[in-house]
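Encoded as structure tokens, the structure appears first; notes follow it.
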Amino acid sequence: MAKLMEKKKRKLSQQQEFEIMKLVLDKFLWLGFGIMSFGLYQLYVTTDLSGFYVMIGGAAILVIFIWILVREYEITGF
């Protein structure tokens, strides 16, 4: 019975891992850009600083994006 429950796990190649990571990180990039754009719109429409705080939140998401990139991939010199 235990044999039937076991699943084989496939190993991904480095190229496949990189492609999946690009898809995930692309979503972070779009999310950060969208939030910063919304903050800029709020800053334009309203007179208070709430849009500025939203822009800071979008920038924080982009900083997290950079941190994940640096942590996951080795940066090579040019």
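Bear in mind that the values in this text are calculations on the coordinates, not laboratory data. All figures in this text were calculated on a predicted structure; none of them were measured in a lab.
Based on the Cα gyration tensor of segment 1-70, what are the three equivalent ellipsoid semi-axes, each the root of five times an eigenvalue, rounded to whole Å and given largest first? Mind dumping the intermediate values first?
Values: eigenvalues 330, 39, 16 Å².
Over the Cα atoms of segment 1-70, the ellipsoid semi-axes are 41, 14, 9 Å.
Which whole-Hz couplings ³J(HN,Hα) result when phi for each residue of segment 61-71 is put into the Karplus expression 6.51 cos²θ - 1.76 cosθ + 1.60, θ = phi - 60°, listed in order with x for Gly and Pro?
5, 5, 5, 4, 4, 5, 4, 5, 4, 5, 5
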